[in-house]
Every structure is written in structure tokens, then in C-alpha cells.
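Below you'll find the structure, written out as C-alpha cells, and then a few comments.
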Amino acid sequence: MTNYFRNLLWGKAYTLYIPKDDKDRAERCVQMHSGGGTNPEERPFKRQLDLWAMCVAVAAARDLEPRRGPISRWGRKFVDTRSVPVDEHIAGLLCVLAVSRYGVDSSDALDPGKIVELGNRLAGAGCPILLDRVFDAKRNVYPMTNLIDFATELSGSARQTMKESSGAEEPAIPTGPHRADVDGALVAAAP
């Protein structure tokens, strides 16, 4: 499914947007817009697409409502899907969010235009929050350190939410010379 959607994105240019108000800060943390400075501590995102995807992930992790209103009023073109390839992980994230939002039987969940619009609206909601944390000098002067700390917080809160919603205990992480096979069963690791 994700390869199918990824291939659809490569076949047609879809525009990805971020809020106009966040344009300058967004460009300051993307290495491609550095004008020569590519220190990842100062510019933690290699590509515009990576920043956009993290904005989408922040909105999803925080359970934010997608930004409303015409995108042309609040958004600014950030990148399009023909200028930078969408990898399987980003395509997978978008597909999962689309199925969650539209339902598994909805044709919208398979429509790349609708999926990208949902991603744009989620990026619009998550971008200010992400950039506020990335550039929070009170926490740390290095944006990369702030990004890692924020991602760790989001991961912890997502685990807590999953645990609360399922009522199940988090599975124990095995120790020792084991690995998980394809079905998730533990098997002894080869020497």
C-alpha cells in the first residue's frame, strides 16, 4: 500500500505547504536552505520534506485537529513531491493517518490528493509547535538537541496513550541473545 501511494506521489506533483508565518524559521532549520551552513546541530532537517513530515507527525502525536480554512490563505508552498522523492516511511505515515481520518472503506483514503491535503492541514497545525520547540533557546541553544528532546517526549506520550487506550501492559523488552523473527516471535540469535 505505501509503495502504491509513494509511486502515485512520484507520478504527479503535489504541493506541500507550511504556514506562511513559519516560513523563515522553517528555512532556518533545513540544511538545503542554509546558503552553505549545513551543521546538523543548527539545521536538524536535511530536506524540506523531512521538516514537513515531522510537522505532520507532531500534529498526529498531539492529536491536533487539521488546520482549517483555504490553504491559500494560511499556507505557503514549501516543496512539491516531484522535486524531492517521498520515501516509504512518509508515505506510510500519510496512509495510516488517511485511513484513521477517512475510514478504511472510504475512497478518500486512497486518493493521493486528499491524503496530501490532510497532510498539509496537519503540517499546518503541527508546524508552529514543532518550530517553537526546535528554537527554544531556554531549553538548549542547539535546535537538534531540542528536536531530539521533543521527539522523545512525543514518543513517550504516544506509548502512554496506546497503553491507556488498550488497557494492556507494554510488552517487556527481551534481553539476551535473542531477536524477533518476521512474525514477532523471539528466537535465539545466530552466533
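All of the numbers you see were taken from the coordinates with simple rules; none came from a lab. Just so it is clear, the model here is predicted, and its values are computed rather than measured. Methodologically, a virtual Cβ is constructed for each residue, glycine included, from the backbone with ideal geometry; neighbour enumeration extends over all protein chains shown.
Tabulated results
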| read-out | value |
| --- | --- |
| Given (1) more than 23 Å from Asp24 (Cα to Cα); (2) in a helix (DSSP H, G or I); (3) of a type in the set (D, E, K, R), index of the condition Glu65 fails | (2) |
| Flag if Val56 is closer than 24 Å to Arg25 by Cβ and buried (at least 22 other Cβ atoms within 10 Å of the Cβ) | yes |
| Scan of segment 73-88 for residues that are within 16 Å of the chain's Cα centre (by Cα) and without any contact (Cβ under 8 Å) to a residue 60 or more places away in the chain, ordered by number | Val84 |
| Pairs where the first residue, in segment 128-142, is over 24 Å from Pro66 (Cα atoms) and the second is surrounded by 14 or more Cβ atoms within 10 Å (Cβ to Cβ) and among the β-branched types (Val, Ile, Thr), C-beta under 9 Å, 6+ apart | Arg139/Thr145 |
| Filtered residues of segment 90-102 (kept if more than 16 Å from Asn120 (Cβ to Cβ) and either touching a residue at least 40 places away in the same chain (Cβ under 8 Å) or in contact with a strand residue (DSSP E or B) (Cβ under 9 Å, 6 or more places away or on another chain) (or both)) | Gly92 |
| Segment 40-53: number of residues that are part of a helix (DSSP H, G or I) and surrounded by 20 or more Cβ atoms within 10 Å (Cβ to Cβ) | 5 |
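The rows are residues; the columns are (1) touching a Leu at 6+ places or on another chain (Cβ under 7 Å); (2) under 22 Å from Tyr4 (Cα atoms).
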{"residue": "Arg28", "(1), (2)": "no, no"}
{"residue": "Glu42", "(1), (2)": "no, no"}
{"residue": "Ala59", "(1), (2)": "yes, no"}
{"residue": "Trp74", "(1), (2)": "no, no"}
{"residue": "Lys77", "(1), (2)": "no, no"}
{"residue": "Glu88", "(1), (2)": "no, yes"}
{"residue": "Arg101", "(1), (2)": "yes, yes"}
{"residue": "Ile115", "(1), (2)": "yes, yes"}
